[in-house]
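Taken together, the values in this text are just the output of simple stated rules run on the coordinates, not laboratory data. From a predicted model like this one, the values you see are computed outputs, not experimental measurements. For neighbour counting, all protein chains shown are included, and Cβ atoms are generated from backbone atoms with ideal geometry for every residue, glycine included.
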Amino acid sequence: MKKMNTREMATTAVLSALIIILGYTPLGLIPLPTMTATILHIPVAIGAIMYGPTVGLTLGIVMGLTTLSKAILAPVSPLDPLFINPLVSVLPRALMGVLTAYVFIVLSKAIKVSSISVGISAAIASITNTVFTLGALVIVYSKQLGQILEQMEVSGTVIAFVVGIASTSGVAEMIITIIIVVPIILALRKALEA
C-alpha cells in the first residue's frame, strides 16, 4: 500500500466526515427490529474504488470506529452492545475497504467497461460488509447472540437469523450501493480526467 497524496487525503477527510455524519443521523443507520441496516459502507466503497487500498483501509477503520462509538453512545438495537468489540465493528469494515480496492484493481484490468468493474466492486463492498460483520458476530458472540435472540423471542437458530439478515437487508444494501456508487464513481472519474 502506498502513501496518500494531497487529493487522496482531502477526499479521505471528506468521505470520513460523511461516514460520521451518516453514522450519527438517521440517514446512515436504519434501525430494524433486530439489526440496523446501513449505508455507511458507500463512502468506503467510493474511496476504495477511486484511490485504492490505503484509502479503503482508512475509511473502513473510520466506519468501524463510527459503528463502535455509536454502539457505546447511542445504541438502537439489542445487538449494539456486541459492536463495542473492535473485532466485530472495526476489523470487518477495514478488511472490506481493502478487499473492495483490490477487487476493483483486478476487475479494471480484466474488464475494460468501467461501469461493470465499478458495479461489481460496489456489490463486493456491500456483500463483504454484510458477510464479514455477520461472520464476526457469529464467530465472536455465537452464544450471546443466541441468548439475545431468545430474549427477543426470535425463533430459529443463530445461523438462520444471520442468513435471514444477509438475504433481506444485505441484498437491499447491495442494490442501493450499486445504484449510488456507479454514477458517482463514473462522474468523479470524468471530472478528474477533464
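Can you compute the FRET efficiency between ILE139 and ILE116 using 1/(1 + (r/R0)^6), with r the Cβ-Cβ distance and R0 = 41 Å? Round to the nearest 0.05.
0.80
Tell me, what is the FRET efficiency for MET4 and VAL76 to the nearest 0.05, using R0 = 45 angstrom and their Cβ-Cβ distance as r?
The formula returns an efficiency of 0.85 here.
Taking the dipole about the Cα centre of the chain, with the C-beta of Lys and Arg at +1 and of Asp and Glu at -1, give me whichever of ILE120, THR177, PRO75 is farthest to the positive side.
ILE120
List the pair-distance distribution P(r) of segment 63-144, using every Cα-Cα distance, as the percent of pairs falling in each 5 Å bin from 0 up to the bin containing the longest distance, rounded to whole percents.
3, 16, 21, 19, 14, 10, 8, 6, 2, 0
For segment 6-193, what value does the Rg/Rh ratio take when both radii are computed over Cα atoms and Rh is the Kirkwood radius, given to two decimals?
Rg/Rh for segment 6-193 comes to 0.99.
Per 0.36 nm of contour for each residue apart, how much would the distance between ARG189 and GLN151 grow if the chain were fully extended, relative to their Cα-Cα spacing?
My answer for the length gained is 8.8 nm.
At ALA160 and ALA17, where each label point lies 7 Å from the Cα along Cα→Cβ, what is the point-to-point distance in nanometres?
My value for the distance between the label points is 4.8 nm.
Based on alpha-carbon centroids, what's the gap between segment 92-114 and segment 50-85 in Å, whole number please?
Rounded to whole Å, the Cα centres lie 21 Å apart.
So what J values fall out for segment 167-179 if you push phi through Karplus, 6.51 cos²θ - 1.76 cosθ + 1.60 with θ = phi - 60°, rounded to Hz, Gly and Pro as x?
Coupling constants for segment 167-179: 7, 9, 5, x, 5, 4, 4, 5, 4, 4, 4, 4, 4 Hz.
Helix 91-110 sits at what angle to the longest principal axis of the chain, using alpha carbons and giving 0 to 90 degrees rounded to 10?
Its long axis makes an angle of about 40 degrees.
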